[in-house]
Structures are given as C-alpha cells and as structure tokens.
Amino acid sequence: MLSIPNGVYPTMVTPFKDDLQVDLPALEPLLRWYEARGVAGVFAICQSSEIFYMSFAERLQILREILRLRKAETVVIASGHTAYDPATQIKEAQAFIAEGIDAYVFISNRFAAAGEGEDAFLRRVETVARALGDIPLGVYECPYPYKRLVAPQTLRRLTGIGNFAFLKDTCCSAAGMQAKMEAVTGTNLKLFNANAATLLESLRLGAAGYSGVMANFHPEIYAKLCACWQSDPALAERLQAFAGFASLAECQAYPTNAKYHLALEGIPLGWRCRAQDSEALFPRNRQLEIEQLWQLTQERKAAFAL
C-alpha cells in the first residue's frame, strides 16, 4: 500500500471485562460494527485503546485478533507507540509490522520532550523510521502526556525520511491544517482531521478524512459527510451541524462514554476503563446524556436516510 485510502478511521476502543482484563471476544462484534458503517478502516492500538495502561504483550495480542478478524477490505493502521527510547521503539514497531498492518503510526510526543526543538524530534524519528523499511508510516499528535503538534516545515522534512502517508491532526484549526497540507503538496502524506467541528472545512481545504473519537458514536455520519461534501453541499452542511454539536460528548468521560454508547448499539462490551475511574466520572446523569445522544442520533440518521 503506497497511500492510505481516504475516509473515516475510528480510534478503536479496547473492551475490558469487569476485572479490567482484555475482553478479546468483544473485539469481533465491535469490528463488525465499525465495518458495517462505511469506514475505510480502523486506527487500532491508539490512545482511545488505552495503550498507556497496557503491557506490550496485551497490545500485540489485541492487534493480532483485530488482524485475524478484519474483512479483507478493512485497512488497519496501528500505533501502540508508548516507548521513549529508540531501541524499544524499533523493536515494538517491527513486531507490529510483522503482523501485517497496513501502516504504522508514531506518537509525536514520544520523540521529544515538551521543551525540545524540531531538530531533536526529527533526528529521533529518522533513527526509528530508517529501521522499519518501506511500510507506510504515520504521525499522531496525541494529547497525552502532552500534545506535540508537528509544524508544517517539519512534516515536509518527514516525507524525505520515510514513507509518511498519514497524519492524525489534532490542531483543531482550519488555518493550521491548511498550512500543513500546503507544506506536503506533491508528497504521499495525507491529513486526517481528528476534530469533528472543523471536519467539513478541512475537507474543503484538502483533508483526506476523519480519524477522531466521535467515530465511536456514529461513524456513518462521518462516512457520509466525507463521501458527499462535494456532490451534495447542502446535506454536508446538515451532517456537519449535527456532528459538530454532538462532539461536545468528547468533553464528557471519554472513552467510558463511548463504550457505554457502543453498548447501546447492541455490542456486548462493558464500559469500564483502565485509563480513568469510570464509576466516579460517569454517574447516572452522564449516562442519561449519552442515552439521549443515542436517541437523537437515531432520529438524525433517519432524517439523513442513513
């Protein structure tokens, strides 16, 4: 695969049992749910998957199960990138790549501390990327433990280091995204917006799609928006209005609330998380908010003929 197909890539959550052990059997209905809703693929083993609260063995086990279960047309890009030292980064990335993923995604803040400059970042990226061969690579501007946005000129330099094909952008700024896309014009690197409110604006500027947390709630809304924004601008505006407002759910107890919403969709998974105290952060009033969002989503999907 020389490039990442345009479209929607949900940030795949990890099902846990009540004892917080990984619930492998729940992965199949979860993956089928994503696939039935028009996504291009999934972004697996990412922050939404709670990778900073898993062992490497658990991350690899989950990835293997996802790859075993996926349909042939489902693109699987994956990260699992939590290590800070280059030797471990290379070893773990090679293990993921050997399983047959379509692209490997780096987390930008793993290559430099908050106070370090772009040269240090690029030097460490190059060390790891050169060891991984020709597989498509990506960068995720993960907000944990701190958000390191990649400057436009740095993105351009990355394209000379390896086969960088994917950027999960979290700047939430149309102007910022435009600058990045202009910087990589003529390269293989595509920008996928993680921010729901700016999605339509970013598509008009040249973004390749959506890879954000709200695709765990209604991925078909985003898939339709990505598919119709040129052919049916009026529908795109209506879809965007709903998607942007609904994304206020991100300010709730995510990913607990996403798992709760997925359970309302009929997926047999629990809503407890390792990354947060789900019981404390997700009381009954917040559960009701998500139940009401689910009901509103059904009504909007009917109105949009989805």
*Taking the Cα centre of segment 167-306 as origin, work out the dipole magnitude from +1 charges on Lys and Arg Cβ and -1 charges on Asp and Glu Cβ, in debye rounded to 20.*
200 debye
*So between residue 304 and residue 68, what do we pick up on full extension, going 0.36 nm a residue minus the alpha carbon distance?*
81.6 nm
*segment 1-102, dipole about Cα centre (Lys/Arg Cβ +1, Asp/Glu Cβ -1), debye to the nearest 20*: 260 debye
*For the chain, what is the calculated [θ] at 222 nm in deg cm²/dmol (nearest 500), taking -39500 (n - 2.57) for each run of four or more DSSP H residues and dividing by its residue count?*
-12500 deg cm²/dmol
*Once you have the Kirkwood Rh of segment 1-108 from its Cα pairs, apply Stokes-Einstein at 37 °C and 0.692 mPa s and quote D in µm²/s.*
233 µm²/s
*Over the chain, what is the percentage of antiparallel beta bridges among all DSSP beta bridges, to the nearest 5?*
5 percent
*Where does each of 153-159, 23-29 land if you order them by average Cβ count within 10 Å, highest first?*
153-159, 23-29
*Please name which of 206, 77, 101 has its Cα lying farthest along the dipole of segment 7-303 towards the positive end, using unit charges on Cβ (Lys, Arg +1; Asp, Glu -1) and the Cα centre as origin.*
206
*Note down the nm distance, to one decimal, between modelled labels 7 Å out along Cα→Cβ at residue 53 and at residue 147.*
2.1 nm
*Projected area of the chain, taken from the Cα convex hull and averaged over every viewing direction, in nm²?*
14.7 nm²
*Within the set 180/259; 71/224; 17/147; 147/180; 147/301; 168/224, which residue pairs have Cα atoms separated by over 23 Å?*
180/259; 17/147; 147/301
*Charged-residue dipole, Cβ positions (Lys, Arg, Asp, Glu), the chain about Cα centre, Debye nearest 20*: 300 debye
_Taking every DSSP beta bridge with both residues inside segment 1-151, roughly what % is antiparallel (nearest 5)?_
10 percent
*Which whole-number percent is the relative contact order of the chain (Cα, under 8 Å, 6+ apart)?*
20 percent
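Bear in mind these aren't lab numbers, they're just calculated from the coordinates by the rules spelled out. Computed from a predicted structure; not experimentally measured. Reconstructed Cβ throughout: ideal geometry from the backbone, glycine too, with neighbour counts over all protein chains shown.
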